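To start, the structure under review is shown below, and the notes come after it.
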Amino acid sequence: MNESFRIRAEMKELYTLDDIDLNFRRMLSEKVGGESLLNCIQCGICSSGCTVSEYVDMQPHRMIASCLLGLKNLVLKSNAVWICSLCNKCTERCPKHVEYSFLLAILRNLSVEQGIIPEGYIPILRNINNTGFAIPLSGASVDRRREKMGIPAMPSPNTEQIKKLIQLTGIDNLLETEEKKEDE
Ligand code: SF4
Ligand code: SF4
């Protein structure tokens, strides 16, 4: 198998210049932690020890290569953006100190801005928006248990401030779009 065919087989499809966002690499590298992306030498050590490697459609070193090539749509559609557990193992093992976990955080934010988010996160976001908790607590039983253990009652989260943060990040638009979809 010659080299060009091998690359084609691994990436499943070929990409043209139209698929490349020439600003993507620069934009990522200007964000906190993103600058380390430029140090990558594609050694693959990150992927060889990745905790979730068997579940992702793109291994960490391939993800980085795709970012460096400007394949923005391919990267943002990859399940690796969300499946990564942010365990930091790849970052600890990287000989070039590439901060992959930081990069993933940047990519998650970009995905949300574009309305790309796994379905399972929507109810969690809704809970945070409405109650301030990712998983709402059943008040009375929690308070009873805390009282029994001599722990003070849980302070109520400031939902107004949380809603404001959700608006600032644009997540409220995402929730609205999802609600409309559910009503259709
Ligand atoms: S271990 Fe570091 S240098 Fe090697 S491919 Fe992964 S990110 Fe790049
Ligand atoms: S931080 Fe993510 S990519 Fe890196 S080893 Fe952990 S699960 Fe894998």
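Observations
- Pair-distance profile P(r), taking every C-alpha pair of the range 121-183, with 5 angstrom steps and integer %: 4, 17, 21, 19, 14, 10, 8, 5, 2, 0
- Here the scattering of the chain is modelled by Debye summation over its C-alpha atoms, one equal scatterer each and no solvent; at q = 0.09, 0.18 Å⁻¹ the log10 of I(q)/I(0) is -0.45, -1.21.
- Based on Cα contacts under 8 Å between residues 6+ apart, the range 79-177 shows a relative contact order of 24 percent.
- Simple rule: put +1 on each Lys or Arg Cβ and -1 on each Asp or Glu Cβ in the chain, find the dipole, and look at Asn23, Gln114, Gln42; the Cα lying farthest toward the positive end is Gln42.
- Once the Cα atoms are used to define both axes, helix 100-113 deviates from the longest principal axis of the chain by about 70 degrees.
- Stretching Glu92 away from Arg145 to a fully extended chain increases their span by 15.1 nm, per 0.36 nm per residue minus the current alpha-carbon distance.
- Annotation for Leu137 and Met27: the two label points, set 7 Å from Cα along the Cα-Cβ direction, are 4.0 nm apart.
- Unit charges on C-beta of K, R, D, E only; dipole of the chain, Debye: 660
- Low-density loop cleavage sites - GluC sites (Glu not before Pro) in the range 82-151, where at most 13 other Cβ are within 10 Å (DSSP): Glu119
- In this label model, Glu113 and Thr159 are separated by 3.0 nm, measuring between points 7 Å along each Cα→Cβ vector.
- A cysteine counts as unpartnered when no other cysteine's C-beta lies under 4.7 Å of its own; in the chain this applies to Cys40, Cys43, Cys50, Cys67, Cys84, Cys87, Cys94.
- Inter-centroid distance (Cα atoms) of the range 125-184 relative to the range 52-89, Å: 30
- Seen from Cys90, the other residues with C-beta closer than 12 Å to its C-beta sum to a net charge of +1, counting Lys and Arg as +1 and Asp and Glu as -1.
- Contour minus Cα-Cα distance for Ile20 and Leu175 (0.36 nm per residue): 52.9 nm
Coordinate-derived values only; no laboratory data. Bear in mind the structure is a predicted one, so any value in this text is a computation, not a measurement. Backbone-built Cβ (ideal geometry, glycine too); neighbour counts: all protein chains shown.
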